[in-house]
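Let me begin by presenting the structure, written as structure tokens, before commenting on it.
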Amino acid sequence: MGVILWKTIKTKPKIDLRKFDSPDYPGSGRCMDREFIRMLQRLEKKTRYPVFQNINSGARTAYWNTKVGGVSNSSHKIPTYKAADIHTPTKAIRNKIVVAAKLVGFKRIGMGNTFVHLDNDAAKSQYVAWGYPKGTKPAINPFV
């Protein structure tokens with residue numbers, strides 16, 4: 001009688017990059033920064049929160065960025081694509097995401113009442129946290 005060996009290969013789940021599309025530019029989510037996506041995967045694994053199912057905003061055209069009130073040098077905009085806003089329905093989830101985001105390597109974190117902004121744009125100030133609306137203090141600052 002022969003022996004059958006079964007090798008299990010672990011594969012990462014496919015990420016639907018359409019979740020990151022600018023509403024006025026279908027397919028734009030495919031251009032998201034790959035290291036940024038890997039960081040989000042690590043965040044999802046660490047928090048066990050479905051990050052990729054809760055993307056509010058990823059890639060943005062200049063038009064869409066203006067429409068949603070984004071800053072002119074937004075990391076969401078083409079060609080950077082190094083930012084996302086993650087829907088967080090409770091303060092506890094928001095705080096968990098913020099603390100874990102720092103642990104997985106995010107150095108730029110914004111907090112609103114219902115979302116967390118994360119980006120890995122090295123061209124901007126690092127180890128910073130801010131609140132929304134603009135100019136408000138973040139609920140927690142993992143960098144202090």
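For the subset of the stretch 112-127 comprising residues that are out of contact with any Phe, Trp or Tyr (no Cβ under 7 Å at 6 or more places or on another chain) and not in a loop (DSSP other than H, G, I, E, B), which member is most open to solvent (accessible area, probe 1.4 Å)? Working first, answer last.
Taking the stretch 112-127 first, the residues out of contact with any Phe, Trp or Tyr (no Cβ under 7 Å at 6 or more places or on another chain) are 113-117, 119, 121-126.
Right, trim to not in a loop (DSSP other than H, G, I, E, B) and you get 115-117, 119.
On the way: PHE115: 44, VAL116: 0, HIS117: 11, ASP119: 2 Å².
Here the answer is PHE115.
Looking at the stretch 49-90, which of the residues that are among the charged types (D, E, K, R) and closer than 17 Å to LEU118 by Cβ is surrounded by the most Cβ atoms within 10 Å (Cβ to Cβ)? It would help to see each step written out before you state the result.
From the stretch 49-90, those among the charged types (D, E, K, R) are 60, 67, 77, 82, 85; that's our starting set.
Narrowing the set further to residues that are closer than 17 Å to LEU118 by Cβ leaves 60, 77, 82, 85.
On the way: ARG60: 27, LYS77: 21, LYS82: 25, ASP85: 22.
Applying the filter and picking the extreme gives ARG60.
Does ILE93 satisfy the condition of being assigned to a loop (DSSP other than H, G, I, E, B) and more than 13 Å from the chain's Cα centre (by Cα)?
Here the answer is no, as ILE93 does not meet what is asked.
Which of the numbered conditions does PRO142 fail, given that it passes all the others? Conditions: (1) part of a loop (DSSP other than H, G, I, E, B); (2) touching a Lys or Arg at 6+ places or on another chain (Cβ under 9 Å); (3) closer than 23 Å to SER22 by Cα.
Looking at each condition in turn, PRO142 falls short on (3).
The values are calculated or read from the model by the stated rules, or taken from the named source; none is laboratory data. Just so we're clear, the structure is a prediction, and the values are computed from it rather than from any experiment. Heads up, the Cβs are rebuilt from the backbone with ideal geometry, glycines too, and the neighbour counts pull from every protein chain shown. When the accessible area is computed, the model is the full protein with side chains, heavy atoms only, and any ligands, DNA or RNA have been set aside. Shrake-Rupley method; radii C 1.70, N 1.55, O 1.52, S 1.80 Å.
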